[in-house]
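Here is the structure we will look at.
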Amino acid sequence: MVKSTFLSFLSVAWIAALALSVSGAFAEPRMVRRGRISVQHGLSKRLNSSVQDVERAGDRMEARADSKLRFNYGTDKVRGVGIGGWLVIENFITPSVYERTGDDRVIDEWSFGKYVPHDKAVKILRDHFDNFIKESDFEEIASLGLNHVRIPFPYWGIKTYDDDPYIKLNQYDKLKEAAHWADKYGLKVIIELHTVPGLANPYDHGGHTGHMDWLKYDVNKDRWLEILDELASEFSQSKYPAVTAISIVNEPNGDVNEILGQYKRGYNRVRNSESDAELVVIIGDVFLNVAENDYWHSRMQPPKYQGVMTDTHVYRIFDQNSISMSQQDRYKYYCSLKGGLAANNHLWALIGEWSPVFTDCAPGLNGRFKGARYDGSFPDSTYHGSCDDKSGNAKNFSDHYKRLLRKNWDMQTDAYEAGAGWIMWTWRTENHNADDWSYRQGVRHGWIPRDPTQRKSTC
């Protein structure tokens, strides 16, 4: 669903190799599940190469000299929060953006751009971008002892293609502004490419519900590289010291081996940027949790690949088995991840999205008008309990419910710091629509501590 400076590290040698290494074939299943222009700055010379040239460049990429990371990953723990629902809108986070359209056909950003009159759509989005997240949010995040923000960003914030109905406004300017806010308050920024040309997953937050053609057409893959090139070229510059990493695609669905091949191309595009510093390349685990599955341990590791981090999203609420778990089984599951995260020595393992919630009761979480599995209102689901006091305004939460949220928070943060750390989803929600998902409201109402290192329970 998403504050201090550190010593740089990872000095390595740059070797230009002429020989190609050929990856072996791996038998892995297809994974289809939910977890949750004007291109400038040195782009043209790299876009002149063919797709094959880019792929061959990946095979000969070696460790680089004098790498300069902007955060001491692997030593200092990531403790952060996602800025969800801002530059990529989500119904459960900011329902008013959808409600103001007055059109029930609007269920994602594709339908928003398709059906809402342009002038009206522009006004709604400008109001949202200017007011939902402000500099004061970054100041507050830093005051709570967090050190990272993860900012989801849509590809159409840089460029739209062909018949894209998506609305490009000032998303890119806002992202740049946020990077400066973060620097002002000692925060680090992970820029997360939440949507890609052709779409990498079929969920509403991916852009167009029920559609995912990123891997289907080469033109989409090449456009994705174009977007990555712009992001890497821009944010590797020294004027953005807060930006430490680019997460190159969010929650991709499809054949894991094919996606790995695209990750290698994306890695090279980031590494080939005209950079003043190294940006960490973050890759989604394609729902193969690195604490439970060995697939990623042997891929994209040094010395050929440098500064790579895996991104795992842990939500045990989006299927019937998960929603049925007892609290004790839930705690056991979180703690079971600790050993696997600690043993992941080759790639930094980040839990890039998670939440202390144990229901899917938040209105719109499963999509606009979709209902919830917990109370049986979602199609083909079974009743497990009432949602009346499980989401919405935290003022209505019982002390018992808040104690359960606190223990879920404690157990997860304890487990996830066995790896590189964690980014909780999400910083805030609108008008108390889903306070159970809000880090901000969690602190204000007591189920999240003001000091994220303090826990009442541990694994």
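Select from the range 92-116 the residues that are aromatic (Phe, Trp, Tyr) and assigned to a helix (DSSP H, G or I) and write down the one among them that is surrounded by the fewest Cβ atoms within 10 Å (Cβ to Cβ). So the residue we want is 115. Residue 403 passes every criterion in (1) among the charged types (D, E, K, R); (2) in a loop (DSSP other than H, G, I, E, B); (3) over 25 Å from the mean Cα position of the chain (by Cα) apart from (2).
Of 331, 305, which residue is among the hydroxyl-bearing types (Ser, Thr, Tyr), assigned to a loop (DSSP other than H, G, I, E, B) and buried (at least 17 other Cβ atoms within 10 Å of the Cβ)? Criteria check complete, one pass: 305.
Results for (1) part of a helix (DSSP H, G or I); (2) within 19 Å of the chain's Cα centre (by Cα), shown as yes or no for each residue.
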{"site": "423", "(1), (2)": "no, yes"}
{"site": "431", "(1), (2)": "yes, no"}
{"site": "443", "(1), (2)": "yes, no"}
{"site": "452", "(1), (2)": "no, no"}
{"site": "456", "(1), (2)": "no, no"}
{"site": "459", "(1), (2)": "no, no"}
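Is it the case that the range 141-160 has a residue that's within 27 Å of residue 449 (Cα to Cα), modelled with pLDDT of 95 or more and in contact with a Pro (Cβ under 6 Å, 6 or more places away or on another chain)? Yes, the range 141-160 contains at least one residue that is within 27 Å of residue 449 (Cα to Cα), modelled with pLDDT of 95 or more and in contact with a Pro (Cβ under 6 Å, 6 or more places away or on another chain). When we screen 349, 342 for residues that are under 30 Å from residue 72 (Cβ atoms) and surrounded by fewer than 18 Cβ atoms within 10 Å (Cβ to Cβ), the only hit is 342. Name the residues in the range 244-268 that are at negative phi, surrounded by fewer than 23 Cβ atoms within 10 Å (Cβ to Cβ) and in a strand (DSSP E or B), would you? Result: 255, single match. Taking the criterion of being more than 11 Å from residue 83 (Cβ to Cβ) and either crowded, with 19+ Cβ neighbours inside 10 Å or acidic (Asp, Glu) (or both), the residues of the range 145-157 that qualify are 146, 147, 154, 155, 156, 157.
More than 28 Å from residue 279 (Cα to Cα) and surrounded by fewer than 16 Cβ atoms within 10 Å (Cβ to Cβ), is that true of residue 134? No, not satisfied. Among the numbered criteria (1) β-branched (Val, Ile, Thr); (2) within 16 Å of the chain's Cα centre (by Cα); (3) over 23 Å from residue 207 (Cα atoms), which single criterion is violated by residue 270? Failed condition: (2). Quickly run through the range 272-293 and pick out the residues that are of a type in the set (Asp, Glu) and modelled with pLDDT under 95. The answer is 274, 276, 278, 292.
The values are calculated or read from the model by the stated rules, or taken from the named source; none is laboratory data. Just so it is clear, the structure is predicted and the values come from calculations on it, not from any experiment. With ideal geometry, Cβ positions are generated from the backbone for all residues, glycine too; neighbour counts draw on all protein chains shown.
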